[in-house]
Amino acid sequence: MNPRSASILERPIEYLKGVGPQRGALLQSELGIFTCGDLLQHYPYRYIDRTKINRITDISPESQYIQLKGYITDINVIGDKQNKRLVAIFEDQSGAVELVWFRGISYMEKYLQKNVEYLIFGKPNFFRNTVNFPHPEIEALSEQKSPETAARLQAMYPSTEKMKARGLDSKGMAKLLRTLLELLPPHELPEFLPEWLLQGYHLLPRYETYKNLHIPDTEYLIAQAQHRIKFEELFFIQLRILKIKEKHQKTQGFVWGELGAHFNTFFKEHLPFELTDAQKRVIKEIRKDTLNGIQMNRLLQGDVGSGKTVVALMCMLMAADNGFQAALMAPTEILAQQHFNSLSAMLQKMDLRVDILTGSIKGKKRRHLLEELQLGMIDVLVGTHALIEDNVLFKNLGFVVIDEQHRFGVAQRAKLWEKNQLPPHVLVMTATPIPRTLAMTVYGDLDVSVIDELPPGRKAIITAHRFESSRLQVFQFLKEQIAEGRQIYIVYPLIEESETLDLKNLQEGYENIVRVFPMPEYQVSIVHGKMKPAAKDAEMQRFKNGETQIMVATTVIEVGVDVPNASVMLIENAERFGLSQLHQLRGRVGRGAKQSFCILMSDYKLSQEARQRLQTMTETNDGFKIAEVDLKLRGPGDLEGTQQSGIATLRMANLIKDQDILQIAHQAAAEMLALDADLILPQHLPLRQHLTQLRKKQGLQWGKIS
Ligand code: ADP
Ligand code: MG
């Protein structure tokens, strides 16, 4: 690109004064900064108030990042290869601390001087009786002449060891940004948000935003600038999702005009219980969706045990009443089998045929089933991933239920769309609730229904956290429960990375249980992922039938298993499970009318995060609260859909911490689309151009994501 290109922002970074080819290459390889525009988006991660100086005597274990002023009195390189480090003694008038470097030792050794007054900044670390600062930020006070450090508020930039070695530490970066902003006239950073949005949502204009981010005057303006950037990022995502949703709303779908014999007969004669109000409401919402001629894409959120299955079943009956087939896809073979069993049982007296298709159904049986499916002889087909294979053809598929959504990719969902001329209505069911604001983003293209009520008569599960020292009492308690006729789950963690070890633990655990609960008085089942499906099913069945009292298992039972007589969920090494997993497991009990218990066994030594997870479990049974804590601890990175929603491209906004801004951005995006859906008004031209540019840069597709 021409260095004298019309737009400064598009200029290659090496042409900026103070950069040059070598630093330019470094900025590219280390931070992905190619142009001056990229540099502008290298945001500070913190601001320091240069006037706040702490004293060494005031440092306490609770101290966060602090700033000290003083002298280096001693410098030593100690330890050998693995353990080599530079330790400098740093003193102020009140005391001394150690500054420690594990990397860049030779550079620091040359840089550090005695008799020079330094400012250091970092987070103190307590080790035995000394306080040390690993890799503190440090600078000589004499260097403080430059404008970057003269100001009261100083922007701190992320940097790497390699960059520091070339003078591109935080201060070096601050200098480049100052150079750039001084070079940049306001018209080179034009506003792209329309005036009504800036006014209505009290947003700082674009130029001032960047100016205040990089060369801050006051804390207030920094906050304003950060708010504007976060808003912008979330607003773009919301625009995109609302657009996709709008497109969905134009996708033609089947109309189920009839509510006929199947639905009514089942409702009047075979429904084994009264539906909860929440279940009724959701069925109505779905009913409405199937009448308007538009394809339904609905997410059904409901805590474990809230009764999603029967809702799905009633909707399958609506499909049948209108001459359509229905399919239910589950993430595991066990779960598919379980659904097949319960749907078959509920539909036993109805004139409908339910069948199952999984990977283990092969050969002649499979061919026969596929034939019947295509002839329309099967009304409801339950299965695993096997359902989406190309050779699975329906006569007239009208309704698809996807259970436990978080296990399926978005692309897999899309494949089911193609199984009929018009795409079937889709109901996605998940027991991993997420806060509404977040659902709006992650599942923004889906309409959301919530079952926020458990069937009546359920007692809240009592959850306790116990250590190894209480094991005897715990086992005694299990025996009492079994004596009362109850059944028990004992679950072991199993993760792929340590699978062999985990299986060994499971085996040892099982042997121990069999010793403590000997035959013939007690019968113990075991199920894990390495077993053949048939053997697994047989064991599950024995437990379900009450032939065994204890089920020892890995997390294969995590989703969906329904044994109402089970009253205790004992989780071994509970500290190794994630929160939502623990909650799912706990949801396996408490389904009958009897009081149920969840016992979390753990090590004494717990990380702070693990402690918080276990404590949350003992404090609440509310899936939404748990999901919220989980997201705070983990971040939304694991959530299905984050990639597709463009959330991965967020630089400053945080979906958990900035939920209030997300809400505002959502509202603004809706307002924008209502006003000018295709951004064709002249006042929206700059925004449209900006979005086009962004899309090119991020390679985002506005296509079908669901
Ligand atoms: P989940 O939402 O976790 O999939 P299920 O659909 O498996 O929950 O339902 C859990 C249990 O509650 C099942 O045994 C089911 O028969 C029962 N159930 C569902 N709805 C009701 C209701 N309205 N009244 C009583 N029991 C119900
Ligand atoms: Mg379920």
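The values are calculated or read from the model by the stated rules, or taken from the named source; none is laboratory data. Values in this document were obtained by computation on a predicted structure and should not be read as measured data. Here the Cβ is made from the backbone with ideal geometry for all residues, glycine too, and neighbour counts use every protein chain on show.
Residue check: is GLU139 assigned to a strand (DSSP E or B), among the acidic types (Asp, Glu) and modelled with pLDDT under 90? Spell out the reasoning first.
Working: assigned to a strand (DSSP E or B): yes; among the acidic types (Asp, Glu): yes; modelled with pLDDT under 90: yes.
Yes, satisfied.
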Report summary line: The residue that is farthest from the chain's Cα centre (by Cα), considering only those in segment 165-196 that are more than 23 Å from ARG11 (Cβ to Cβ) and surrounded by fewer than 18 Cβ atoms within 10 Å (Cβ to Cβ), is ALA165
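Table: residues versus (1) more than 16 Å from ligand 2 (Cβ to nearest atom); (2) assigned to a loop (DSSP other than H, G, I, E, B); (3) within 29 Å of THR432 (Cβ to Cβ); (4) of a type outside the set (Ser, Thr, Tyr).
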{"site": "ASN505", "(1), (2), (3), (4)": "yes, no, yes, yes"}
{"site": "GLU508", "(1), (2), (3), (4)": "yes, no, no, yes"}
{"site": "PRO518", "(1), (2), (3), (4)": "yes, yes, no, yes"}
{"site": "SER525", "(1), (2), (3), (4)": "yes, no, yes, no"}
{"site": "MET551", "(1), (2), (3), (4)": "yes, no, yes, yes"}
{"site": "VAL563", "(1), (2), (3), (4)": "no, yes, yes, yes"}
Query raised in the report: In segment 672-681, is there at least one residue being under 20 Å from the mean Cα position of the chain (by Cα), outside any helix (DSSP H, G or I) and either surrounded by fewer than 19 Cβ atoms within 10 Å (Cβ to Cβ) or modelled with pLDDT of 75 or more (or both)?
Result: no
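I want to confirm something. Restricting to segment 284-297 and keeping residues that are outside any helix (DSSP H, G or I) and without any contact (Cβ under 8 Å) to a residue 40 or more places away in the chain, which single residue is farthest from ligand 1 (Cβ to nearest atom)? Spell out how you get there, then give the answer.
Applying the first criterion (outside any helix (DSSP H, G or I)) to segment 284-297 yields 290-297.
Of the ones still in play, those that are also without any contact (Cβ under 8 Å) to a residue 40 or more places away in the chain are 291-292.
Values: LEU291: 24, ASN292: 26 Å.
Restricting to residues being outside any helix (DSSP H, G or I) and without any contact (Cβ under 8 Å) to a residue 40 or more places away in the chain, the top hit is ASN292.
Restricting attention to segment 202-246, and to residues there that are among the hydroxyl-bearing types (Ser, Thr, Tyr) and assigned to a helix (DSSP H, G or I), which single residue is surrounded by the fewest Cβ atoms within 10 Å (Cβ to Cβ)? Break it down into steps so the answer makes sense when it comes.
Just the residues of segment 202-246 that are among the hydroxyl-bearing types (Ser, Thr, Tyr), to begin with: 207, 209-210, 218, 220.
So of that shortlist, the ones also assigned to a helix (DSSP H, G or I) come out as 207, 209-210, 220.
Numbers: TYR207: 17, THR209: 21, TYR210: 22, TYR220: 10.
Ranking the candidates gives TYR220 first.
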Query raised in the report: Of all residues in segment 403-417 being surrounded by fewer than 22 Cβ atoms within 10 Å (Cβ to Cβ) and at pLDDT 70 or above, which is nearest to VAL354 (Cα to Cα)?
Result: LEU416
Query raised in the report: Of the residues LEU317, LEU352, LEU300, which single one is within 13 Å of ligand 1 (Cβ to nearest atom) and either assigned to a strand (DSSP E or B) or not basic (Lys, Arg) (or both)?
Result: LEU300
Query - segment 254-283: number of residues that are crowded, with 21+ Cβ neighbours inside 10 Å and assigned to a loop (DSSP other than H, G, I, E, B) - result: 2
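Can you find even one residue in segment 504-518 that is more than 26 Å from the chain's Cα centre (by Cα) and over 23 Å from GLU468 (Cα atoms)?
Initially, segment 504-518 is screened for residues more than 26 Å from the chain's Cα centre (by Cα), giving 504-518.
From what is left, the residues that are over 23 Å from GLU468 (Cα atoms) are none.
There is no residue in segment 504-518 that is more than 26 Å from the chain's Cα centre (by Cα) and over 23 Å from GLU468 (Cα atoms).
Evaluate segment 394-402: report whether one residue or more is touching a Ser or Thr at 6+ places or on another chain (Cβ under 6 Å), buried (at least 21 other Cβ atoms within 10 Å of the Cβ) and of a type outside the set (A, V, I, L, M, F, W, C). Explain how you work it out, then say what you get.
Initially, segment 394-402 is screened for residues touching a Ser or Thr at 6+ places or on another chain (Cβ under 6 Å), giving none.
No, that holds for no residue.
Looking at this structure, is LEU506 crowded, with 22+ Cβ neighbours inside 10 Å and closer than 21 Å to ALA431 by Cβ?
Values: crowded, with 22+ Cβ neighbours inside 10 Å: yes; closer than 21 Å to ALA431 by Cβ: no.
Spelling it out, it is not the case that LEU506 is crowded, with 22+ Cβ neighbours inside 10 Å and closer than 21 Å to ALA431 by Cβ.
If only one of PHE399, PHE340 is touching a strand residue (DSSP E or B) at 6+ places or on another chain (Cβ under 6 Å), at pLDDT 85 or above and more than 16 Å from ligand 1 (Cβ to nearest atom), which one is it? Talk me through it step by step, then tell me what you get.
Values: PHE340 fails: more than 16 Å from ligand 1 (Cβ to nearest atom).
One residue alone meets the criteria, PHE399.
Please enumerate the residues belonging to segment 177-201 that are in a helix (DSSP H, G or I), under 30 Å from SER159 (Cα atoms) and free of Cβ contacts under 8 Å to residues at least 24 places away in the same chain.
Narrowing segment 177-201 to residues in a helix (DSSP H, G or I): 177-183, 186-188, 195-200.
Next, from what is left, pick out any that are under 30 Å from SER159 (Cα atoms): 177-183, 186-188.
GLU182, PRO186, HIS187 - these are the residues of segment 177-201 that are in a helix (DSSP H, G or I), under 30 Å from SER159 (Cα atoms) and free of Cβ contacts under 8 Å to residues at least 24 places away in the same chain.
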Report summary line: Within segment 320-333, restricting to residues that are surrounded by fewer than 24 Cβ atoms within 10 Å (Cβ to Cβ) and within 16 Å of ligand 1 (Cβ to nearest atom), the one that is farthest from the chain's Cα centre (by Cα) is THR332
Query raised in the report: For segment 244-284, what are the residues that are farther than 11 Å from CYS315 by Cα, charged (D, E, K, R) and modelled with pLDDT of 90 or more?
Result: LYS268, GLU269, GLU274, ASP277, LYS280, ARG281
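Name the residue, out of GLU468, GLU499, that is more than 24 Å from ASP303 (Cβ to Cβ), surrounded by fewer than 18 Cβ atoms within 10 Å (Cβ to Cβ), more than 16 Å from ligand 2 (Cβ to nearest atom) and under 31 Å from the mean Cα position of the chain (by Cα).
Details: GLU468 fails: under 31 Å from the mean Cα position of the chain (by Cα).
Going through GLU468, GLU499 in turn, the sole match is GLU499.
Would you tally the residues in segment 259-283 being within 15 Å of ligand 1 (Cβ to nearest atom) and of a type outside the set (Val, Ile, Thr)? Full working, then the answer.
Filtering segment 259-283 for residues within 15 Å of ligand 1 (Cβ to nearest atom) gives 266-267, 270-283.
Still in the list and also of a type outside the set (Val, Ile, Thr): 266-267, 270-275, 277-281.
Number of matching residues: 13.
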Requested in this report: Could you please let me know if ILE356 is aliphatic (A, V, I, L, M), out of contact with any strand residue (DSSP E or B) (no Cβ under 7 Å at 6 or more places or on another chain) and more than 15 Å from ligand 2 (Cβ to nearest atom)?
Outcome: no
Query raised in the report: So how many residues does segment 284-312 have that are within 16 Å of ligand 2 (Cβ to nearest atom) and surrounded by fewer than 16 Cβ atoms within 10 Å (Cβ to Cβ)?
Result: 0
Query - Meets criteria (modelled with pLDDT under 90, of a type in the set (A, V, I, L, M), buried (at least 19 other Cβ atoms within 10 Å of the Cβ) and under 25 Å from PHE102 (Cα atoms)) for LEU119 - result: yes
Requested in this report: Would you mind stating whether TYR43 is under 25 Å from ALA165 (Cβ atoms), in contact (Cβ under 8 Å) with a residue 40 or more places away in the chain and assigned to a strand (DSSP E or B)?
Outcome: no
